1. Straight distance only, please: which lysines reach the Cα of Lys135 with their own Cα at less than 27 Å, same-chain residues fewer than 8 apart left out?
2. Amide H neighbours of Ile7 under 5 Å, counting only residues 5+ apart in sequence or on other chains, H built in-plane at 1.01 Å?
3. With just the Cα atoms defining each centre, how far is segment 1-68 from segment 150-171? Give it in Å.
4. Could you give each residue of segment 40-51 its phi-based ³J(HN,Hα) in whole Hz, using Karplus coefficients 6.51, -1.76, 1.60 with θ = phi - 60°, and x for Gly or Pro?
5. Amide H to amide H under 5 Å from Ser152: which residues, 5+ apart in sequence or cross-chain, H placed 1.01 Å off N in plane?
6. What shape does the chain take by its C-alpha gyration tensor, where a ≥ b ≥ c are the square roots of the eigenvalues and a/c under 1.5 counts as rounded, a/b above b/c as prolate, and the rest as oblate?
7. Classify segment 1-112 as rounded, prolate or oblate, taking a ≥ b ≥ c as the square roots of the eigenvalues of its Cα gyration tensor: rounded when a/c is under 1.5, otherwise prolate if a/b is larger than b/c and oblate if not.
8. At a Cα cut-off below 17 Å, give the aspartates and glutamates reachable from Lys3, other chains included and same-chain residues fewer than 8 away excluded.
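All of the numbers you see were taken from the coordinates with simple rules; none came from a lab. Please read these numbers as outputs of a predicted model, since none were measured by experiment. Cβ: placed from backbone, ideal geometry, glycine included. Neighbour counts: every protein chain shown.
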Amino acid sequence: MKKIIGISAGQYLMKDGVFSGFDRTYVNQDYVRSIIDAGGIPLILPLTDDIDIIRGYMDIIDGLVLSGGHDVSPLMYNEQPKPKLGPILVSRDLFDIQMVEEAMERHLPILGICRGHQILNVALGGTLYQDLSYKSDDILKHNQEQDPRTVSHEVKLTSNSILFDLFKAHRIGVNSYHHLAIKDLADGFKITAVSDDGVIEGIEHVDRDFVLGVQWHPEMMSSVDKEMAMLFKALVEAAEENSYES
Ligand SMILES: [Mn+2]
């Protein structure tokens with residue numbers, strides 16, 4: 001049977017239409033398509049604060065995608081909010097952090113995307129810049145205003161990384177939809193992709209076969225970019241090859 005890849009869902013309050021005022025669980029279709037194209041079974045995992053449900057998710061899935069969404073609350077890494085922090089959803093932060101802890105315990109492969117890349121770092125003890133301007137006043141444009149399938153800026157890949165093995169290049173083009181970035185890297189991770197302004201755009205866990213975060217959105221590029229699609233294939237393959245018995 002094909003491997004089941006869980007995708008952490010976001011949640012937002014409907015502001016218009018018949019269902020205005022109702023919370024909606026969602027992921028962008030590109031995540032679903034990317035998992036299907038990679039040969040996996042996508043399964044959307046709605047947020048909950050019930051640990052038994054989270055553990056139930058873990059019993060079902062073979063790999064985990066942490067999807068994009070709200071800014072991460074700085075309270076998750078013991079900092080107070082600064083003025084440029086955007087909208088947060090603390091219930092989702094707590095959900096994602098518990099998902100990471102449970103998935104790590106079970107040695108599941110994890111792919112964190114954008115917010116997922118950030119929360120992966122926070123869940124394992126790292127910190128974030130609440131806005132790129134708090135890192136430096138000389139940074140690249142990371143908020144893309146063109147087709148999401150196209151390249152916005154480049155990143156340098158480090159050798160001896162999953163990303164370098166997939167892309168077989170020291171520089172690749174990525175899209176960019178973030179104003180937060182990793183500040184202090186969590187223990188156990190190495191940096192595998194950096195933009196020219198020093199923003200950490202890729203991380204990998206050194207003790208696991210496939211626990212990886214990317215600051216860009218490969219799922220949006222995977223329909224037109226073979227290597228971006230390969231990243232999802234690598235996740236599904238990691239799920240297939242995972243022999244860890246919890
Ligand atoms: Mn970027």
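1. Lys82, Lys84, Lys156, Lys183, Lys190
2. Result for Ile7 returns Leu43, Ile44, Leu45, Val65.
3. Centre-to-centre (Cα) distance: 27 Å.
4. Working through the residues one at a time gives x, 9, x, 9, 7, 10, x, 6, 8, 9, 8, 5 Hz.
5. Val174, Asn175, Ser176
6. Working: a/c = 1.27, a/b = 1.03, b/c = 1.23.
It comes out rounded by the Cα gyration axes.
7. oblate
8. Asp37, Asp59, Asp62, Asp209, Glu237, Glu240, Glu241, Glu245
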